[in-house]
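The values are calculated or read from the model by the stated rules, or taken from the named source; none is laboratory data. Keep in mind it's a predicted model, so treat the numbers as computed, not measured. Don't worry about glycine lacking a Cβ; one is built from the backbone with ideal geometry, like all the others, and counts go over all protein chains shown.
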Amino acid sequence: MRRRFAISLLLAAAAYAQPSVRVDITVERFEGEQWKTQPSGLVFKKNDHLRFRVRSNFDGYLYVMNYGTSGQYSKLFPSAEAGIQNRIQSGVEYIVPATGASFRIDGPPGFDVVYWMISPVSFGDGSPAYTPLPPPPTNPMPQNLKPRCDETILRARSLCIDSSAGPKSITQDEKLPENLAPIPRARSRDVVISSKGQSTSISSAERLEGPVLYKFLVAHE
């Protein structure tokens, strides 16, 4: 599968009675004949094919939206190409796309923003506290930052790493896409972002009562 993939990533995670939450995210690139795990800050190349592994310690419904450097905005998951079953269970690792397909890097150099959201309920299920995700925004956010290699990181492997890429929290005053900003009870929270090997974990000690937004910045040439 080929799909425009300019990534700035938003992860929204939620749990009802759980005292703390954790989400583990790993990005993989197809190299030769196999998928290989990559550092979250790797500066990818045009036409690279990517996929993600995701594991959480709570149940929910996963949604993934993408803002590309070309200005295009799209829902990556669930979709007909990436898989329509978006219910996830605690402790189970999921691959996105779930269909054996992949996301292809395209667009001008910069940071693709991929928004990840795990909601305690499915959008569009008739719950009065939640509404279906509105249509994609019509006015794309500006993309004017370019990736830069940090020469002190992974130099031995000749990899270009931008330490500003990867999972990030969202500040209170940060502009969100129009279909994410009005989601009920979505707000920034105190989170801990840590890396173990090439997997990145996002955790919070707060008890979450609704969707919480995070982003994952994917850098590419």
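Considering only residues that are among the hydroxyl-bearing types (Ser, Thr, Tyr) and closer than 17 Å to LEU180 by Cα, which ones fall in segment 66-82?
Let us first name the residues in segment 66-82 that are among the hydroxyl-bearing types (Ser, Thr, Tyr), namely 67, 69-70, 73-74, 79.
Of everything in segment 66-82, those that are among the hydroxyl-bearing types (Ser, Thr, Tyr) and closer than 17 Å to LEU180 by Cα turn out to be TYR67, TYR73, SER74.
Of all residues in segment 63-78 being polar (S, T, N, Q) and at pLDDT 85 or above, which is surrounded by the fewest Cβ atoms within 10 Å (Cβ to Cβ)?
Kept after step one, since they are polar (S, T, N, Q), are these residues of segment 63-78: 66, 69-70, 72, 74.
Add one more test, that the residue is at pLDDT 85 or above, and what stays is 66, 69.
Working: ASN66: 25, THR69: 27.
It comes out as ASN66.
Could you tell me which residue of segment 198-219 is modelled with the highest pLDDT, considering only residues that are more than 16 Å from LEU42 (Cβ to Cβ) and part of a strand (DSSP E or B)? Break it down stepwise before answering.
The first filter runs over segment 198-219 and keeps only residues more than 16 Å from LEU42 (Cβ to Cβ), leaving 201-215.
Now drop any that are not part of a strand (DSSP E or B), which leaves 201-204, 213-215.
Values: SER201: 81, ILE202: 76, SER203: 79, SER204: 75, LEU213: 74, TYR214: 83, LYS215: 87.
Of everything passing the filter in segment 198-219, LYS215 is modelled with the highest pLDDT.
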Selection over segment 25-47 where residues are crowded, with 20+ Cβ neighbours inside 10 Å and of a type outside the set (S, T, N, Q) yields a count of 7
Contacts under 6 angstrom Cβ, first residue in segment 84-113 being in contact (Cβ under 8 Å) with a residue 12 or more places away in the chain, partner outside any strand (DSSP E or B) and among the aromatic types (Phe, Trp, Tyr), 6 or more apart: SER90/PHE58
Can you pull out every residue in segment 162-185 that is touching a residue at least 60 places away in the same chain (Cβ under 8 Å) and acidic (Asp, Glu)? ASP162
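If we only count strands (runs of 3 or more DSSP E) wholly inside segment 109-197, which ones have 1 or more residues that are at pLDDT 70 or above, more than 17 Å from the chain's Cα centre (by Cα) and surrounded by fewer than 18 Cβ atoms within 10 Å (Cβ to Cβ)?
Details: elements: 110-119, 166-169, 192-196.
In segment 109-197, 192-196 are the strands (runs of 3 or more DSSP E) which contain 1 or more residues that are at pLDDT 70 or above, more than 17 Å from the chain's Cα centre (by Cα) and surrounded by fewer than 18 Cβ atoms within 10 Å (Cβ to Cβ).
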